[in-house]
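Chemist: Supplied in structure tokens, the structure appears directly below.
The values are calculated or read from the model by the stated rules, or taken from the named source; none is laboratory data. These numbers come from a predicted model, not from an experiment. Positions of Cβ are generated from backbone atoms using ideal geometry, with glycine treated the same way; all protein chains shown enter the neighbour counts. Just so you know, the surface numbers come from the protein's heavy atoms only, side chains and all, with ligands and any DNA or RNA stripped out. Shrake-Rupley method; radii C 1.70, N 1.55, O 1.52, S 1.80 Å.
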Amino acid sequence: MNIFESITSAAYSVFANRMRSILTMLGIIIGIAAVIMITSIGQGFQNSFNEMFAEFGAGTLEVAVRHDRPEPAARSDMLTLESVEFLSSHPDVVSVTPISGSNARVQLRNPTENTRVNVIGTNETFREVQNVDVRFGRFLAEIDVDRAAPVAVIDSSLARQVFGRTDVVGETIRATFWFGTIDLLVVGVYRSDDIMSGMFEMPTTAYIPITLLQRLLNADNQVQQIFVNAHDLERLDQTASEIARLLSIFHRNEDRYRVTTLMSQIDQINSMIGMITGFVGLVAFISLVVGGIGVMNIMLVTVTERTREIGIRKSLGATDGNIQFQFLIEAMILTATGGVIGIILGYYGGFALGGLIDLVPAIDVPTVIGTVIASSLIGIIFGVYPARKAAKLDPIEALRYE
Amino acid sequence: MIIQIDNLFKVYRNGSLEVTALRDVSFSVAVSEFVSIMGQSGSGKSTLMNILGCLDTLSAGKYHLDGEDVSKIKGKKLSIIRNRKIGFVFQAYNLLPRLNALQNVELPMIYAGASAKKRRNAALEALDRVGLTERVHHKPSELSGGQKQRVAIARALVNEPAILLADEPTGNLDSRSGEEIMGIFQRLNREGVTIVMVTHEPDIAEHTKRIVAFKDGRIVTDELVLNPIQVG
Ligand SMILES: Nc1ncnc2c1ncn2[C@@H]1O[C@H](COP(=O)(O)OP(=O)(O)OP(=O)(O)O)[C@@H](O)[C@H]1O
Ligand SMILES: [Mg+2]
């Protein structure tokens, strides 16, 4: 009997017991669907995350004051616009972007209502660090920073909340900070492409000149964070440690600054996503094994039910090998079919789930092929015992079985 | 000789309990013989048939099938002997219920490794030999007892075995269908097929050429039938 015939005959027998076969496959179907869904969502998340940072970030260094030293940071250790100025003169540096954050409540159309807004004080080079998709007007300019001008670049969804439209350049918004209220002229509107913004009612973000924020916060010259864009990607790590050293010299302290590459942070997040995917994948794998045990269970029942058939086949000259192969193929068809159904369900499930959180799931061919192979292997592994049991039956006793 | 057994013993052991089903049985069957085996219930007829059919092993003695000593053969080689040398017909037909008549007849050839086309032709020919040209695509459940047994005989013949063994082939049939089956056996025997069959009924045994009678696991008589009843 050739393999093709064995497969069609086994498929026939699986099909003959449709309902039971589907129930048997259920564990495998769920396991595989879960694996496919989780890996495709994880991969999709990673893709969109990497895309967001691909153009930016590659040459970006993040500078922050270390607070993990035994002695607390002194006032003189704080990063300031002078530090920004100082770093700008370094030959390896393309741009230096200071960033400070605060939040405010912005008054809506109805004066009694307001919404919370993240306010980021920065300068014109911010767009080297992070993409800002300006739709109307412009981003912050050098002159705004120099003059600490009361201007803002706001999120289109904030514009919609306040004005009911997005083309609002030239309008003013009233922002209330904890220390007071200020009217800001909208000079630009950008469209946010935050992954999460589709999912929750997240606060929107507005950009204002760093100098303005410092004045509002009474923060002298201080900035919370500095982003540095470097020329030479090859030397990024050296540049990072050099910046940390130079800053310590400039501020007359020692080892007070942490300079990390954005890439290393992206790698960290990626590996975290990878770990979560891996962990959930492991759980899914365990459910596959449980599904495999279910298949073994049903195959054992099948072997018992078909004892007489086995006896007949043996009396006609089937070898132990023929019988074992027959039941092994049946188990494999069960799990492989379950695997294929699981892949289809997982694929569409991934899209359904991705649609909810505004994410395009990604699934690659090797994963699909690997999953089919894995489900077939599960059939073989958990089919071996029942199949051997069938093959070892004594023909006379099997024929006598009622 | 197609079959040659010498001093055959078969002892069943269930724990401490021992049942000697066959005691010192010796006999032989030549080419083109048509033998019936008779005896009371429990006299060892089925035990002998199962050993002759290489379905069961013997406890002591020698068994030569078609010139080959098969007493000690096991495993895959024994499966091949069952497949090529033996055609077995059971009282309960033992057809696979999910396969149609034709597919049931093809089964032994599948295990012989024949091509699909060869199988189909040989199966149709075997069904023709037992007079079943219609209903070959029907499942066993759609066939009468006599038709089922004819399918089973075709299946036993399809690999052209050295011997056809039948354990009470008419046991589940009414007398008319039983008579038909005996007619088929007689025709096959005239064509040169060697047949050994078990039966309870003297009327059926009278259709064969030789009757071997068993009692308590021993052969008590072994006689030729002078004037076998001819069917049709
Ligand atoms: N597997 C077995 N284990 C123990 N004893 C057995 C077994 N098979 C048969 N026997 C015993 O061997 C003896 C012969 O049985 P066998 O089936 O050969 O009889 P038989 O002549 O075919 O009877 P029947 O006409 O009822 O079919 C009986 O005593 C029976 O109980
Ligand atoms: Mg019997």
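Chemist: What are the residues in segment B:92-122 that are hydrophobic (A, V, I, L, M, F, W, C), open to solvent by 20 Å² or more (accessible area, probe 1.4 Å), facing chain A (nearest Cβ under 10 Å) and in a helix (DSSP H, G or I), if any?
Modeler: Once the filter is applied, which keeps residues that are hydrophobic (A, V, I, L, M, F, W, C), open to solvent by 20 Å² or more (accessible area, probe 1.4 Å), facing chain A (nearest Cβ under 10 Å) and in a helix (DSSP H, G or I), segment B:92-122 yields B:Ile110, B:Ala112, B:Ala116.
Chemist: Ok, one more. Farther than 24 Å from A:Arg308 by Cα, basic (Lys, Arg) and more than 16 Å from ligand 1 (Cβ to nearest atom): is that true of B:Lys62 in this structure?
Modeler: So B:Lys62 passes the test.
Chemist: Also: Is it the case that A:Ile380 is more than 16 Å from ligand 2 (Cβ to nearest atom), closer than 15 Å to A:Leu328 by Cβ and β-branched (Val, Ile, Thr)?
Modeler: So A:Ile380 fits the description; yes.
Chemist: Here's another thing I want to ask about it. If you check B:Leu165, B:Leu173, which single one turns out to be open to solvent by less than 50 Å² (accessible area, probe 1.4 Å) and either among the hydroxyl-bearing types (Ser, Thr, Tyr) or at pLDDT 95 or above (or both)?
Modeler: It is B:Leu165.
Chemist: Right, here's the next one. Taking the criterion of being away from ligand 1 (no atom under 16 Å from the Cβ), open to solvent by 30 Å² or more (accessible area, probe 1.4 Å) and either away from every other protein chain (no Cβ under 14 Å) or of a type in the set (Val, Ile, Thr) (or both), would at least one residue in segment B:146-158 satisfy it?
Modeler: The answer is yes, given that some residue of segment B:146-158 is away from ligand 1 (no atom under 16 Å from the Cβ), open to solvent by 30 Å² or more (accessible area, probe 1.4 Å) and either away from every other protein chain (no Cβ under 14 Å) or of a type in the set (Val, Ile, Thr) (or both).
Chemist: Also, I was wondering about something else. Say whether the condition of being basic (Lys, Arg), part of a strand (DSSP E or B) and within 16 Å of ligand 2 (Cβ to nearest atom) is met by at least one residue in segment B:197-212.
Modeler: No, segment B:197-212 contains no residue that is basic (Lys, Arg), part of a strand (DSSP E or B) and within 16 Å of ligand 2 (Cβ to nearest atom).
Chemist: Which count do you get for residues in segment B:159-171 that are of a type in the set (Asp, Glu) and within 16 Å of ligand 1 (Cβ to nearest atom)?
Modeler: So the answer is 2.
Chemist: Counting residues that are under 18 Å from A:Glu128 (Cα atoms), away from chain B (no Cβ under 14 Å) and of a type in the set (Gly, Ala, Ser), which helices (runs of 4 or more DSSP H) fully inside segment A:1-104 reach at least 1?
Modeler: So the answer is A:18-54, A:81-88.
Chemist: Could you check, for segment A:328-342, whether at least one of its residues is within 16 Å of ligand 2 (Cβ to nearest atom) and either on the phi < 0 side of the Ramachandran plot or of a type in the set (Val, Ile, Thr) (or both)?
Modeler: Among the residues of segment A:328-342, not one is within 16 Å of ligand 2 (Cβ to nearest atom) and either on the phi < 0 side of the Ramachandran plot or of a type in the set (Val, Ile, Thr) (or both), which makes the answer no.
Chemist: Whether any residue in segment B:60-69 is facing another protein chain (nearest Cβ under 9 Å) and either in contact (Cβ under 8 Å) with a residue 12 or more places away in the chain or open to solvent by 30 Å² or more (accessible area, probe 1.4 Å) (or both) is what I want to check.
Modeler: no
Chemist: While we're looking at this one, here's another question. For segment B:1-56, list the strands (runs of 3 or more DSSP E) that sit wholly inside it and hold at least 3 residues that are open to solvent by 10 Å² or more (accessible area, probe 1.4 Å) and within 13 Å of ligand 1 (Cβ to nearest atom); which are they?
Modeler: B:3-14, B:17-29
Chemist: Among the candidates B:Asp174, B:Asp167, single out the residue that is within 16 Å of ligand 2 (Cβ to nearest atom), among the acidic types (Asp, Glu) and touching a helix residue (DSSP H, G or I) at 6+ places or on another chain (Cβ under 9 Å).
Modeler: B:Asp167
Chemist: Looking at segment B:58-68, can you tell me whether even one residue there is of a type in the set (D, E, K, R) and assigned to a strand (DSSP E or B)?
Modeler: yes
Chemist: I need the full set of residues from segment A:351-378 which are part of a loop (DSSP other than H, G, I, E, B) and surrounded by fewer than 19 Cβ atoms within 10 Å (Cβ to Cβ), in order please.
Modeler: Residues satisfying the conditions are A:Ile357, A:Asp358, A:Val360, A:Ala362, A:Asp364.
Chemist: Shifting gears a bit: Can you name the residue in segment B:70-80 that is farther than 12 Å from A:Ser315 by Cβ and part of a helix (DSSP H, G or I) and is also least open to solvent (accessible area, probe 1.4 Å) among such residues?
Modeler: Looking at the filtered set, the residue picked out is B:Gly75.
Chemist: Could I ask something else about it? Condition first: modelled with pLDDT of 90 or more, part of a loop (DSSP other than H, G, I, E, B) and in the same structural domain as A:Ser102 (by TED's automatic domain parsing). Can you find one or more residues in segment A:150-161 that meet it?
Modeler: The answer is yes, given that some residue of segment A:150-161 is modelled with pLDDT of 90 or more, part of a loop (DSSP other than H, G, I, E, B) and in the same structural domain as A:Ser102 (by TED's automatic domain parsing).
Chemist: Which of the residues belonging to segment B:81-91 are hydrophobic (A, V, I, L, M, F, W, C) and more than 7 Å from every other protein chain (Cβ to nearest Cβ)?
Modeler: Those that are hydrophobic (A, V, I, L, M, F, W, C) and more than 7 Å from every other protein chain (Cβ to nearest Cβ): B:Ile81, B:Ile86, B:Val89, B:Phe90.
Chemist: Confirm whether A:Gly342 is in the same structural domain as A:Met37 (by TED's automatic domain parsing) and modelled with pLDDT under 90.
Modeler: Considered against the rule, which asks whether it is in the same structural domain as A:Met37 (by TED's automatic domain parsing) and modelled with pLDDT under 90, A:Gly342 comes out as no.
Chemist: From A:Ile28, A:Ile32, A:Ile38, which residue is over 30 Å from A:Glu305 (Cβ atoms) and surrounded by 20 or more Cβ atoms within 10 Å (Cβ to Cβ)?
Modeler: Selected residue: A:Ile38, the only one of A:Ile28, A:Ile32, A:Ile38 that is over 30 Å from A:Glu305 (Cβ atoms) and surrounded by 20 or more Cβ atoms within 10 Å (Cβ to Cβ).
Chemist: What number of residues within segment A:379-392 satisfy the criterion of being of a type outside the set (Val, Ile, Thr), surrounded by fewer than 20 Cβ atoms within 10 Å (Cβ to Cβ) and more than 12 Å from chain B (Cβ to nearest Cβ)?
Modeler: Of the residues in that region, 3 qualify.
Chemist: Give segment A:318-350 a look and list any residue that's surrounded by 16 or more Cβ atoms within 10 Å (Cβ to Cβ) and without any contact (Cβ under 8 Å) to a residue 24 or more places away in the chain, or say none.
Modeler: A:Ala318, A:Thr319
Chemist: Give segment A:305-348 a look and list any residue that's more than 8 Å from chain B (Cβ to nearest Cβ) and either outside any helix (DSSP H, G or I) or among the acidic types (Asp, Glu) (or both), or say none.
Modeler: Result: A:Glu305, A:Arg306, A:Glu330.
Chemist: Report, by residue number, each residue of segment A:106-120 that is touching a residue at least 60 places away in the same chain (Cβ under 8 Å) and either under 12 Å from A:Thr176 (Cβ atoms) or of a type in the set (D, E, K, R) (or both).
Modeler: Listed by number, the residues that qualify are A:Val106, A:Gln107, A:Asn114, A:Thr115, A:Arg116, A:Val117, A:Val119.
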